[in-house]
Amino acid sequence: MRVRTAGAGAGAGRTVRRALVAGLGLALVALTPLPAQANATTGAAGEPVAATGAWADPVSASGAAAGPVGVTRTTLAADTVIPRGVTVDLVRRTMTLAAGEKRHLRGRLEATSTTTGIVGLTERVRCLDASGRTVPVVAASARNHEGSDTVTYATPGHLPLFADLLFTAPADGTYTCVLQGTAYSSLTGSYHLTAIAGKTWLEVDDGDRVGAGWWQNPACESADSGGACTYVGTGPARRDAWVFYDDGTPSRRWQAHPDAVSVSAQANLELTTCYHGTASCATAMQAHPRGKNAVVDARFEFIQLGTTGHACRTHSTTARRTVTDDAHHAVGYSFLTGLPVDPACGTRDFLMRIYVKHVSGQTVKIDGVQSGVTSLTNGIAFNNFG
C-alpha cells in the first residue's frame, strides 16, 4: 500500500512507501558464469579515504589499510538487471593462493530501481574453491532501496552498498571470488533493480595481507525465532551493547606484526529496525508502529592493551545514525588508519569493539552471522609495513 503525502520543499508530493519487505533472506547459491562482456579489470587502486571516519560511504579498500599491498579493481562494464528473487553474479576475480594467504576484498554495488516502491537489496562477497564450494565466510550487507524517486541518496535514486571480506585461503589452490546482488520484496507487479556499470566493482589485494585479523559477531538469523540476536532499544531490549565484546562474540586479542610501522582497523555494523509486523525481529522487540524510525550512537574503538591486559591507548571514532523504517536495514562503515603502535604499552596486542547506544525510536537489531556462514557485522585489522 502506498500513501500520498503533501508538504513543502523537495519532498512535496512524494510517495511514502508502506510495502512490507521481506527480511534479510541470504540464500546461498552456486557461482554461475558471467557473460564475457560483464566486467572489465583495471589496475586502479581507488580513491583514498580520510584518515578517520564513521558511518560514511567509503570509496576504496586502499584507504582503510595503507601499506605496500596494491589493489586491483574489477568494474562492472554494463548495467545489469537484478530481477526480483534472483541472485545475480556481477563481478568476479580468480586468484591462485598458498594456504594461509590473506586478501582483503571490498565490493561496491550501486543500484537503481524501476519502481517507486520499496525493494530489498542484499550485496554479498563470496569466494569459492576449485570445486565450486563456498569457502566461509561470506560477507554481506543489505538495505531497502526506497524507490526510483528517492532524493536522500548522494545521487537521487542510486543506492550504494559496500561489503568487506578478509579471505584466508584454507589450502593451496585457485579461488574465484564474486560480487553478487539480490532483490526481494512483497510488492506485486513487474519491477527490478539494476546494478550500475562503472559504479559497481570488486577490489582485491594484489598481495598477502600478512597477519591481518577478522572479527564477526555471533549467529543472528533473519527472523530471529530463537531470540539469539542482540537488540538495543526500549522494553525488553538492552539500552546499549558492545559489539565484538559483550554480545557473545568469543574474546580475542589481535597482535600487530613485529615489523609493522602502524596499524589500521575498520568495521561494518549492520542494524535493522524492529517495527510492528516486521519479519526481521523477534516479536517481543517490536515496540512501535512502522514510521517511528530509530536513532543510535555508535563508537568504534581499537585499543592497544598494556601488560596488565587493560587499555593503554584507545583510538576511536563516533557518529550518530538515523535508520529509517523504509530503509529498514542500514550499514555503518567506520575506519581508523595509520595508528602508531606505542612501545610504552609493553605489548603489541589490540582489542576491537563497537559501542552501540539507543537514543530514540525503534528498537534495532544488531545483525550477525546467518546460516552459519554469512556475516553482516564484521571488522578487520591490518598491519601497515611502509
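The values are calculated or read from the model by the stated rules, or taken from the named source; none is laboratory data. Remember, predicted model here, so these are calculated numbers, not experimental data. In this analysis, Cβ positions are derived from the backbone assuming ideal geometry, glycine residues included, and neighbour counts consider all displayed protein chains. Areas reflect the complete protein model, heavy atoms only, side chains present, ligands, DNA and RNA absent. Shrake-Rupley method; radii C 1.70, N 1.55, O 1.52, S 1.80 Å.
Quick notes
- In the set GLY338, GLY346, only one residue is under 22 Å from ARG209 (Cβ atoms), small (Gly, Ala, Ser) and in contact with a Ser or Thr (Cβ under 6 Å, 6 or more places away or on another chain); that residue is GLY338.
- Residue list for the stretch 129-162, restricted to those being under 19 Å from GLN216 (Cβ atoms) and open to solvent by less than 10 Å² (accessible area, probe 1.4 Å): VAL138, ALA139, ALA140, SER141, ALA142, LEU161, PHE162
- Scope the stretch 341-356; condition touching a residue at least 24 places away in the same chain (Cβ under 8 Å), open to solvent by 10 Å² or more (accessible area, probe 1.4 Å) and not charged (D, E, K, R); matching residues: VAL341, ALA344, GLY346, THR347, LEU351, TYR355
- Summed over the stretch 243-262, the residues that are closer than 25 Å to PRO218 by Cβ and in a strand (DSSP E or B) give a count of 3.
- Pair list, Cβ < 6 Å and 6+ apart or interchain, from the stretch 357-383 residues that are of a type in the set (Asp, Glu) to residues that are in a strand (DSSP E or B): ASP367/GLU270; ASP367/THR272
- Residues that are crowded, with 20+ Cβ neighbours inside 10 Å and closer than 23 Å to PHE382 by Cβ within the stretch 293-302 comprise ALA298, PHE300, GLU301, PHE302, listed in sequence order.
- Qualifying residue in the stretch 90-112 (condition: in contact (Cβ under 8 Å) with a residue 24 or more places away in the chain, within 19 Å of HIS329 (Cβ to Cβ) and surrounded by fewer than 18 Cβ atoms within 10 Å (Cβ to Cβ)): no
- Number of the condition not met by LEU159 [criteria: (1) part of a strand (DSSP E or B); (2) touching a Ser or Thr at 6+ places or on another chain (Cβ under 6 Å)]: (2)
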